[in-house]
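One structure below.
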Amino acid sequence: MYVYEKRLQCPVNIKIRNPQTAQFILSQYGGPDGEASAAFRYMSQKFTFKNPRVAGLLNDIACEELSHLEIVGTIVHQLVKDLPCDEVDTAGFEKYYVDHTLGVWPQSAGGVPFTATEFQSSGDPIADLVEDMAADGAIV
């Protein structure tokens, strides 16, 4: 059903380690307004729409959000790649490191793990679209 091209839509090539920045970017990976939330939001909401074209559009958007998830995960990975142990503490990365070492794991910048409570699927198409616009930063 899905085709994976095995290349990033937008190539990422970060050469400088920066675990402090990685901690902030992690929120875009698994935080309340992150890509994981967006992908699950659109995928879950598509089932409400009776019009197959609209449902298909939401499915396409969900797939696009998954590609963003891959890009953001790659950014985080490259920012902490080969981080020496003596830099973990000085970078303020120790709390994350204890549980995940240098793995990419969905959480907010505050360390709150991603959960399904990060998005809504109410069964009301209009309410869901309004929620989508609010989550994407549109003025509602």
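Any read-out appearing in this document is the output of simple, stated calculations on the displayed coordinates, not a laboratory observation. Nothing here was measured: the structure is a model prediction, and the numbers come from that model. Methodologically, a virtual Cβ is constructed for each residue, glycine included, from the backbone with ideal geometry; neighbour enumeration extends over all protein chains shown.
Placing unit charges on the Cβ atoms of the charged side chains and taking the dipole of the chain about its Cα centre, the candidate lying farthest along the positive direction among Thr117, Leu102, Leu66 is Leu66. Straight-line cross-link reach from Lys15 at under 19 Å between alpha-carbon atoms covers these lysines, not counting any fewer than eight positions away in the same chain: Lys81. Shown here are the Rg and Dmax of the Cα trace of the chain, at 16.9, 56 Å. With neighbour counts taken as other beta-carbon atoms within 10 Å, the residues Ile14, Ile61, Ile126 rank, fewest first, as Ile126, Ile14, Ile61. Summary value for the chain: 36 percent relative contact order, contacts being C-alpha pairs under 8 angstrom separated by 6+ residues. A crude spin-label estimate for the pair Asp136 and Glu5, with each label 7 Å from Cα along the Cβ direction, gives 2.0 nm. For Lys50, the aspartates and glutamates whose Cα comes closer than 19 Å to its Cα, not counting residues fewer than 8 places off in the same chain, are Asp60, Asp124, Asp128, Glu131, Asp132. Once the Cβ-Cβ distance between Asn13 and Ser67 is put in as r, and R0 is 22 Å, what FRET efficiency do you end up with, to the nearest 0.05? It comes out at approximately 0.80. Fewest-first ordering of Arg17, Arg7 by other beta carbons within 10 Å of each residue's beta carbon gives Arg7, Arg17.
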